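Quick notes on the structure that follows.
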Amino acid sequence: MKYLIPFLLLLLITCQSYMPWKSEWKTKDGTEVFYAAVSAKASVQAIESGSLAMRRSTCVNATNLLSTSPKLTSILLEQESIQLDEVETKDLGRLISALKIKPKQDSCQPEDIGYFFTSPAWETCQCLYIIEYPGGRNQFRQDLTQIK
C-alpha cells in the first residue's frame with residue numbers, strides 16, 4: 001500500500017496526454033494574428049541514430065521548411081473554409097509574398113502519445129507559427145474576396 005501512491009504518481013507522469021495545437025486566429029497584443037500548427041517528422045538518420053537532440057533538431061527543421069511553403073496558405077484557407085483553384089492559390093501566394101509575410105516560430109512540442117519504457121520523443125513534432133497578416137482576419141477575408 002505504501003508503494004501505491006508513488007506508483008500512481010509515476011504512472012500519471014508517464015501517461016500525460018499529448019494535446020495537439022490547432023490553427024486559429026487569436027488576438028495578441030491588440031492585434032489579430034493567425035497561429036498555424038505545423039506537424040513534421042524527424043529525419044530517418046536521426047531516428048535511427050537514437051539521438052534525442054538530433055531527432056528534435058531535424059523535426060523542428062522540417063516544420064521550418066513546411067512553414068515557408070504553400071502549406072501555410074492552405075492552413076489559412078482551411079480555417080476560412082474557402083477553396084481556391086490553382087490560379088487563385090498562386091495569386092494569393094503572390095499577395096502574401098508581396099506583403100512580405102514571414103511566419104515566426106512561437107513554440108514546438110513532440111507529438112508523443114504516452115509510452116512506458118521506450119520513448120520515440122521528437123520522432124514527430126508540432127510547431128506553432130504566428131502569421132501577422134496586415135489588417136488581420138478581416139483584411140485577409142477581403143483579399144480572398146478580391147482574388148475570388
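Any read-out appearing in this document is the output of simple, stated calculations on the displayed coordinates, not a laboratory observation. Predicted model, so just to flag it, every value in this text is computed and none were measured.
Points worth noting:
- Computed over the stretch 20-147, the convex hull of the alpha-carbon atoms projects to a mean area of 9.0 nm².
- Placed amide H near SER43: partners under 5 Å, 5+ positions off or other chain: THR58, CYS59
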